[in-house]
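Worksheet for the structure shown next.
Please treat every number below as a calculation from the coordinates, not as lab data. Since the model is a prediction, treat every value here as computed from it, not as a measurement. Glycine gets a Cβ as well: all are built from the backbone with ideal geometry, and neighbour counts include every protein chain shown.
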Amino acid sequence: MSKTYGTGSAAVPALRDVSVEFAAGALTAIMGPSGSGKSTLLQVAAGLDRADTGEIVVGEVELSRLSETRLTLLRRTHIGFVFQAFNLLPALTAEQNVSLPLRLAGKRPGRAAVRDVLARVGLADRARHRPAEMSGGQQQRVAIARALVTRPAVLFADEPTGALDSVTGREVLVMLRELVDRERQTIIMVTHDPVAASYADRVVFFADGRPAGELLRPTAEAVAARMTGSGALAC
Ligand SMILES: Nc1ncnc2c1ncn2[C@@H]1O[C@H](COP(=O)(O)OP(=O)(O)OP(=O)(O)O)[C@@H](O)[C@H]1O
């Protein structure tokens, strides 16, 4: 797929003839310098934005042929998205924030299902708390629970630990890893942090709007070496 922002002399090619696959049931990290196209890839792959050319296939469904209405429906049911800024509604409790996607999809959220997903992210005892009453790590876990409540095929996460200190960030990463190991949840995560990337099964490096190498079963050291250029032989 390709994606260019703007036109004429203001055109910025963000993705250039990208061809990349992400395995189901695995945690994949995407890394690369600022402006290399990571967020654009995530937005396009999640159906939040459209590619100019090419195909995006999630499971069996090809997104680029879908109408806006069908794409919105598919996003609500098959795709979860977590952002760096947790984007929770401050007036709502954890439970109410988590049930929001079900309400938007016109479903009546069952309390048991909502409690279950909060338990899966380790927040069974925080259901009645509002975001301001929780730590950053807990708020991000509520955001992840909200993304998981529709049981999406893919969870996309754009720098999910970017706003967290290293200890709470670690808790979120352990939880993402457990979702993959225990439930075979498919997760695709953009990160700048080699430690965060080391929780992944595979790291795909982006440069100038294209994949530029990968590491399997990465260690933080190997990722850092690859990013500074000294690990060119490692990928
Ligand atoms: N809405 C937009 N309008 C115009 N150009 C954009 C827009 N969004 C991104 N770009 C440009 O597209 C290119 C890729 O941006 P993108 O945000 O995907 O990179 P990134 O790798 O996620 O960067 P970062 O690590 O800084 O978040 C950059 O040159 C950026 O300036």
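Taking all pairs of different Cα atoms in the stretch 173-235, averaging 1/r and flipping that mean, what Kirkwood radius in angstroms comes out? The partial results should precede the final answer.
On the way: mean 1/r = 0.0821 Å⁻¹.
That comes to 12.2 Å for the stretch 173-235.
Within 10 Å, count the other beta carbons around each residue, average over each peptide in 63-70, 105-112, and list them highest first.
Working: 63-70: 12.8, 105-112: 11.1.
In decreasing order of mean packing, 63-70, 105-112 become 63-70, 105-112.
For labels at Glu178 and Arg50 in the simple 7 Å Cα→Cβ model, what's the distance in nm?
Result for the modelled spin labels: 4.1 nm.
State log₁₀ I(q)/I(0) for the stretch 1-130 at q = 0.09, 0.10, 0.18 Å⁻¹ as given by the Debye formula over alpha-carbon point scatterers of equal weight, solvent excluded.
So the normalised log intensities are -0.36, -0.44, -1.12.
Taking neighbour counts of Cβ atoms within 10 Å as a proxy for exposure, in what order, fewest first, do Glu221, Glu214, Glu95 appear?
Working: Glu221 13, Glu214 17, Glu95 20.
With the fewest neighbours first, Glu221, Glu214, Glu95 line up as Glu221, Glu214, Glu95.
Could you rank the peptides 34-45, 163-174 by their average count of other C-beta atoms within 10 Å per residue, with the highest value first?
Numbers: 34-45: 20.5, 163-174: 16.6.
Per-residue Cβ counts within 10 Å, averaged per peptide and sorted highest first, yield 34-45, 163-174.
Assuming 0.36 nm per residue, please report the length gained on full extension of the stretch Ala26 to Glu62 beyond their Cα-Cα distance. Display every interim value, and only then the final one.
On the way: separation 36, 0.36 × 36 = 12.96 nm, distance 2.05 nm.
Contour length minus the Cα-Cα distance gives 10.9 nm.
How many angstrom separate the Cα center of the stretch 187-209 from the Cα center of the stretch 1-69?
Centre-to-centre distance over Cα atoms comes out at 16 Å.
How do Leu216, Leu179 rank when sorted from fewest to most other Cβ atoms within 10 Å of their own Cβ?
Working: Leu216 10, Leu179 19.
Least crowded to most crowded, the residues run Leu216, Leu179.
Show me the GluC sites (Glu not before Pro) within the stretch 5-65 that DSSP assigns to loop and that have at most 10 other Cβ atoms within 10 Å of their Cβ.
Numbers: sites: Glu21, Glu55, Glu60, Glu62; in loops: Glu21, Glu55, Glu60.
Sites meeting the loop and neighbour criteria: Glu21, Glu60.
Ala112 to Ala85: extension gain in nm, 0.36 nm per residue of separation minus the Cα-Cα distance? List each step's numbers first, then the result.
Numbers: separation 27, 0.36 × 27 = 9.72 nm, distance 2.72 nm.
So the extension gain works out to 7.0 nm.
Given a Förster distance of 22 angstrom, what is the FRET efficiency for His192 paired with Asp17, based on the Cβ-Cβ distance and rounded to 0.05? If you can, show how the numbers build up before the last one.
On the way: r = 24 Å, r/R0 = 1.11.
The formula returns an efficiency of 0.35 here.
Can you give the Kirkwood hydrodynamic radius of the chain from its Cα pairs, in Å with one decimal? Spell out each step's value before the answer.
Numbers: mean 1/r = 0.0545 Å⁻¹.
It is 18.3 Å.
By how many nm would the segment from Thr228 to Thr77 lengthen if fully extended, with 0.36 nm per residue of separation less the alpha-carbon distance? All intermediate terms of the calculation are to be shown ahead of the outcome.
Values: separation 151, 0.36 × 151 = 54.36 nm, distance 3.91 nm.
Taking 0.36 nm per residue and subtracting the Cα distance, the gain is 50.4 nm.
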